[in-house]
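A.B. asks: Pasting a structure here, questions to come.
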Amino acid sequence: MNDFNIGSSTIYDIKKQKEQIKKFASEAVIAKNMESRHTLKKPKLEILDSALYAWFNAKRSEGKTVTGPMITEKAKEFHRNLNVESTCVFSEGWLQKFKNRHGIRKLHAAGESKSANENATEEYKSYFSSLVGHWELTRSQVYNADETGLLWRCLPTSTLAGGDEKCAEGFKKNKHRLTILLCANASGDHQLTPFVIGKYKKPRALKGILNLPVHYDAQSNALMTAELFKDWFYHHFVPEVKENFKKHGMPEDSKALLLLDNCTAHPRTYDLVSGNIFVDYLPPNVTPLIQPMNQGVIQSVKCFYRKSFVQGILDSDCNIKDFQRQFNVKDAIFTIALAWNQMKEVTLQWCWHKVWPNDGDAAHDPHITSNGLEIRTMEESKPFFKFHTTTSDGELAISKPRLEQKKLAANSPP
């Protein structure tokens, strides 16, 4: 007792709660957090706390900057979306307790971090090259898929106004969302049918429509889940890849590799194997830097959608709010398919240049920014153009966080 400067009653309490303390320590995410812990007190809103910490870890694993105000705003959003009945004041004190609880500390962004990511990128490129070489994979046999969010009914949030106008009527931000999964191979000659996730299984707008230009499914929050992804892999990805092999005169049992990021809704590698078709995961710290779909493809599709949506407003005889009411999920789905179909083969090839370079790669593909340039032109010339259609990729999936998975060894069968 004298050695640790604690009283006999404290010793008694520790012995009495021995099992609870051991259980609490074993469940701690970071062992170092326990060094300064004096109580077993849990957060008031445990579900919110867990969701918020999972979001924080996902952002940091992607190498993204997270600040205190960002954590606070995200906590408020989770509080609304999780329908938490208990009230909570997300004050500076609350934020500090959250950071202390999870061992979150302030770090300055340094050049060493950037250098480490660059080194990790080179390491992965070397690994990827050996993987492709070992299995003798061509560009037509290697695919990348990625999800993105779309606020498909969102109206303008600003307008130009005359000099004598003091204020302008605005529009409440519409939060109707879809999640879109896009997938294509490295040769750019095979674009898989987009997979769209909505909130309702059978929307009225799709009643009586037998053939959609996308694969459609539903989830209560319009988010990707492990079950939906697994269903897409086995019932859409694998059959479409085999059909493409057949189309090009390749054996149906040819090998195919699907590259994925570490989204929590992506199942483990051994859950996504069908014959010679298998998956491999990009390291979290290099995913934003080299993932092919992140190199302008998704941005281009969203820009095309945005342009088409606003052009519809401009061409419509009704006012903006009426146009919004009339624009339904069927219109959104067909516009998404149209946006995906306008992607050029050379663009899909170019987006692989950071992970699979060759002598024919150009330094820049002008098609990727053409939609963006047109968007900016319309923003400057149209009085009610600026609005948002996307949500952060960190909100695209719901699933229990999973441990980082081991990659398929280059010398093991897929």
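The values are calculated or read from the model by the stated rules, or taken from the named source; none is laboratory data. Nothing here was measured: the structure is a model prediction, and the numbers come from that model. Ideal geometry is used to build each Cβ from the backbone, glycine not excepted, and the neighbour counts take in all protein chains shown.
A.B. asks: So which residues in segment 211-234 are out of contact with any Ser or Thr (no Cβ under 7 Å at 6 or more places or on another chain) and closer than 15 Å to ASP331 by Cα? Before the answer, list the steps.
C.D. replies: First pass over segment 211-234, keeping only residues out of contact with any Ser or Thr (no Cβ under 7 Å at 6 or more places or on another chain): 211-213, 216-218, 220-221, 227-233.
Within segment 211-234, ASN211, LEU212, PRO213, TYR216 meet the criteria.
A.B. asks: Provide a single number: the residues in segment 203-258 that are farther than 17 Å from THR148 by Cβ, hydroxyl-bearing (Ser, Thr, Tyr) and touching a strand residue (DSSP E or B) at 6+ places or on another chain (Cβ under 7 Å).
C.D. replies: Qualifying residue count, segment 203-258: 1.
A.B. asks: Among the listed residues THR10, THR39, identify the single one that is of a type in the set (Val, Ile, Thr) and modelled with pLDDT under 65. Let's see the steps before the verdict.
C.D. replies: Numbers: THR10 fails: modelled with pLDDT under 65.
Exactly one residue qualifies, and that residue is THR39.
A.B. asks: Go through segment 235-253 and give me each residue that's assigned to a loop (DSSP other than H, G, I, E, B) and touching a Ser or Thr at 6+ places or on another chain (Cβ under 9 Å). Outline the logic, then answer.
C.D. replies: Within segment 235-253, the first condition is being assigned to a loop (DSSP other than H, G, I, E, B), and the residues that meet it are 248-253.
Across segment 235-253, the qualifying residues are HIS248, MET250.
A.B. asks: Okay, next question. Can you name the residue in segment 59-81 that is modelled with pLDDT under 80 and surrounded by 12 or more Cβ atoms within 10 Å (Cβ to Cβ) and, of all such residues, is farthest from ASN221 (Cα to Cα)?
C.D. replies: Kept after step one, since they are modelled with pLDDT under 80, are these residues of segment 59-81: 59-65.
When the remaining residues are screened for being surrounded by 12 or more Cβ atoms within 10 Å (Cβ to Cβ), the result is 59-64.
Working: LYS59: 20, ARG60: 24, SER61: 24, GLU62: 23, GLY63: 26, LYS64: 24 Å.
The qualifying residue farthest from ASN221 (Cα to Cα) is GLY63.
A.B. asks: Considering only residues that are touching a helix residue (DSSP H, G or I) at 6+ places or on another chain (Cβ under 7 Å) and either crowded, with 20+ Cβ neighbours inside 10 Å or not aliphatic (A, V, I, L, M) (or both), which ones fall in segment 194-214?
C.D. replies: PRO194, PHE195, VAL196, ILE197, GLY198, PRO203, PRO213, listed by residue number.
A.B. asks: Looking at ASP322, ASP261 in this structure, which one is under 15 Å from ALA145 (Cα atoms) and acidic (Asp, Glu)? Break it down stepwise before answering.
C.D. replies: Working: ASP322 fails: under 15 Å from ALA145 (Cα atoms).
Within the list ASP322, ASP261, the selection yields ASP261.
A.B. asks: State whether the residues of segment 310-319 include one that is buried (at least 17 other Cβ atoms within 10 Å of the Cβ) and not in a loop (DSSP other than H, G, I, E, B).
C.D. replies: Keep residues of segment 310-319 that are buried (at least 17 other Cβ atoms within 10 Å of the Cβ), which gives 310, 313.
If we keep only those that are not in a loop (DSSP other than H, G, I, E, B) as well, we get 310, 313.
Taking every residue of segment 310-319 in turn, at least one turns out to be buried (at least 17 other Cβ atoms within 10 Å of the Cβ) and not in a loop (DSSP other than H, G, I, E, B).
Okay, residues lined up against (1) modelled with pLDDT of 75 or more; (2) surrounded by 11 or more Cβ atoms within 10 Å (Cβ to Cβ); (3) of a type in the set (D, E, K, R):
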site: GLU92; (1), (2), (3): yes, no, yes
site: PHE98; (1), (2), (3): yes, yes, no
site: HIS108; (1), (2), (3): no, no, no
site: LYS114; (1), (2), (3): no, yes, yes
site: SER130; (1), (2), (3): yes, yes, no
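A.B. asks: Filter segment 215-253 for residues that are among the hydroxyl-bearing types (Ser, Thr, Tyr) and in contact with a Leu (Cβ under 9 Å, 6 or more places away or on another chain); which is surrounded by the most Cβ atoms within 10 Å (Cβ to Cβ)?
C.D. replies: The initial filter retains those residues of segment 215-253 that are among the hydroxyl-bearing types (Ser, Thr, Tyr), namely 216, 220, 225, 234.
Filter again for in contact with a Leu (Cβ under 9 Å, 6 or more places away or on another chain), leaving 216, 234.
Numbers: TYR216: 19, TYR234: 15.
If we take residues in segment 215-253 being among the hydroxyl-bearing types (Ser, Thr, Tyr) and in contact with a Leu (Cβ under 9 Å, 6 or more places away or on another chain), then TYR216 is surrounded by the most Cβ atoms within 10 Å (Cβ to Cβ).
A.B. asks: Would you check which residues across segment 161-201 are assigned to a loop (DSSP other than H, G, I, E, B), of a type in the set (S, T, N, Q) and at pLDDT 95 or above and list them? Please lay out each step first, then the result.
C.D. replies: Applying the first criterion (assigned to a loop (DSSP other than H, G, I, E, B)) to segment 161-201 yields 161-176, 186-190, 192-194, 199-201.
Filter once more, so that each one left must be of a type in the set (S, T, N, Q): 174, 187, 193.
SER187, THR193, listed by residue number.
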